[in-house]
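Notes to accompany the following structure.
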Amino acid sequence: MGRPGDYTRLIRTTTQGVIHVSTPENDAVTGTAGADPGVARRNSGDSPARTAVQLDPDLAMAVLGAADANLRSLEDLLDADLHVRGGTMTISGAPRAVDQASRVVADLLRQARRGVEITPASVRRSVEILADSGPLTPEEVLGTDVLSRRGGMIRPKTVGQKRYVDAIDEHTVVFGLGPAGTGKTYLAMAKAVAALRAKDVSRIILTRPAVEAGERLGYLPGTLHEKIDPYLRPLYDSLHDMMDPETIPKLMAAGVIEVAPLAYMRGRTLNDAFIILDEAQNTTPEQMKMFLTRLGFGSKIVVTGDITQIDLPGGQRSGLKVVRDILAGVDDIHFSELTSKDVVRHALVARIVDAYAKHEERLDRGEKPTAVHRKREHRHR
């Protein structure tokens, strides 16, 4: 943004499609409040309202973004007009819209003060969190540190993810249930690495069932390691994203990190370990019981999976589908439900997840999906 005294444009397209440009000559702003968030309400009631927010010079660039990218996102997402000149942001419009925009901007300033990187995506999430009117603020959600890694900090990005990581702290056994892209495995891995760094555990054990679309390991080419490796590769990828790649082989050789198929857990007692079972929808009820009873002293278990993507052959029951009924109400066991709202991949992924969920609901009701259904749902979105 410009230096104090310079003017900056109002990134707002009016109903006539004209971009209003504010200059000292055509739009003087007066009477701003001095303290951060520095909000001064001009009008009240049903008449148009105006609020001035004093931007901390050290935080303005972080909040507004490079080339005003965050400011443009705010304008796209909010119903109020945002106008920045010098160190002052003026928010005008309907009282309710001005109040919402003021709260979003104030929260973004608090995030910036805590060192949270603000991007157009995090601006959108902040607006969504405040719009839900829940007990958590965007600062509390997006400012929660999970793990410091190369290139930044891993933090939850949605309210559901925040509750999930809190549950991992508070319970011995946590089930993270939800569709692809909700971060359930990635955040569990981050919590495991953080626990190892803090010496809360002495080792990390990562496991997955080696079952996929009816393929049997015996029919796959290569050695046993080569047969298993593709099933475990996503866990390796997450590890490399969170730790120095040069240290991972040393830690694995020392037994501090173990990545193995679920069958290797049988007959063991896992003490002082952070244990993650990924793709748990592909376990049978017997395998799930076997795994959960490996829990030893000083250990923590996180089970992740998506019951809409079961690959068990022959119509076998999924251990993840039945375990909730079995363990509901058991003390120190928690089930965290993540939804399409928690998807942090491409925005289209959330819409794909919702479309498949609606498709499954129609099939459960015995309806036959038609092009009419698809067109109607597309119009609603």
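The values are calculated or read from the model by the stated rules, or taken from the named source; none is laboratory data. Since we're looking at a predicted model, the values are computed, not measured. We place every Cβ from the backbone using ideal geometry, glycine too, and count neighbours over all the protein chains shown.
Would you check which residues across the stretch 150-162 are within 19 Å of Val343 (Cα to Cα) and either aliphatic (A, V, I, L, M) or assigned to a loop (DSSP other than H, G, I, E, B) (or both) and list them?
Going residue by residue through the stretch 150-162, those that are within 19 Å of Val343 (Cα to Cα) are 153-162.
Met153, Ile154, Arg155, Pro156, Lys157, Thr158, Val159 - these are the residues of the stretch 150-162 that are within 19 Å of Val343 (Cα to Cα) and either aliphatic (A, V, I, L, M) or assigned to a loop (DSSP other than H, G, I, E, B) (or both).
Name the residues in the stretch 45-81 that are touching a residue at least 12 places away in the same chain (Cβ under 8 Å) and on the phi > 0 side of the Ramachandran plot, would you?
Matches in the stretch 45-81: Gly45, Gly65, Asp68.
Let me spell it out: the conditions are (1) touching a residue at least 24 places away in the same chain (Cβ under 8 Å); (2) assigned by TED's automatic domain parsing to the domain that holds Ala69, and Ile168 meets all of them except one. Which number is the exception?
Going through the list (1) touching a residue at least 24 places away in the same chain (Cβ under 8 Å); (2) assigned by TED's automatic domain parsing to the domain that holds Ala69, Ile168 breaks only (2).
Between Leu108, Leu59, Leu74, which is outside the structural domain of Thr158 (by TED's automatic domain parsing) and surrounded by fewer than 20 Cβ atoms within 10 Å (Cβ to Cβ)?
Leu59
Residue check: is Glu215 under 29 Å from Asn282 (Cα atoms) and modelled with pLDDT under 90?
Against the criterion (under 29 Å from Asn282 (Cα atoms) and modelled with pLDDT under 90), Glu215 qualifies.
Inside the stretch 320-363, can you point out the residues that are out of contact with any Phe, Trp or Tyr (no Cβ under 7 Å at 6 or more places or on another chain) and basic (Lys, Arg)?
Passing the criteria: Lys321, Lys341, Arg345, Arg351, Lys358, Arg362.
If you go through the stretch 102-127 one residue at a time, how many are closer than 21 Å to Ala49 by Cβ, over 17 Å from the mean Cα position of the chain (by Cα) and touching a residue at least 40 places away in the same chain (Cβ under 8 Å)?
Residues meeting the conditions: 5.
Would you confirm whether or not the stretch 304-324 contains a residue that is in the same structural domain as Thr207 (by TED's automatic domain parsing), among the charged types (D, E, K, R), within 20 Å of Pro234 (Cβ to Cβ) and touching a Ser or Thr at 6+ places or on another chain (Cβ under 9 Å)?
For the stretch 304-324, residues in the same structural domain as Thr207 (by TED's automatic domain parsing), among the charged types (D, E, K, R), within 20 Å of Pro234 (Cβ to Cβ) and touching a Ser or Thr at 6+ places or on another chain (Cβ under 9 Å): present.
Among the residues of the stretch 163-184, write down those that are assigned to a helix (DSSP H, G or I) and crowded, with 22+ Cβ neighbours inside 10 Å.
Correct list: Tyr164, Val165, Ile168, Lys184.
What's the total number of residues in the stretch 82-97 that are touching a residue at least 24 places away in the same chain (Cβ under 8 Å) and of a type in the set (D, E, K, R)?
Matching residues across the stretch 82-97 total 1.
Could you please find all residues in the stretch 170-196 being modelled with pLDDT of 95 or more, out of contact with any Gly (no Cβ under 9 Å at 6 or more places or on another chain) and not hydrophobic (A, V, I, L, M, F, W, C)?
The answer is Glu170, His171, Thr172, Lys191.
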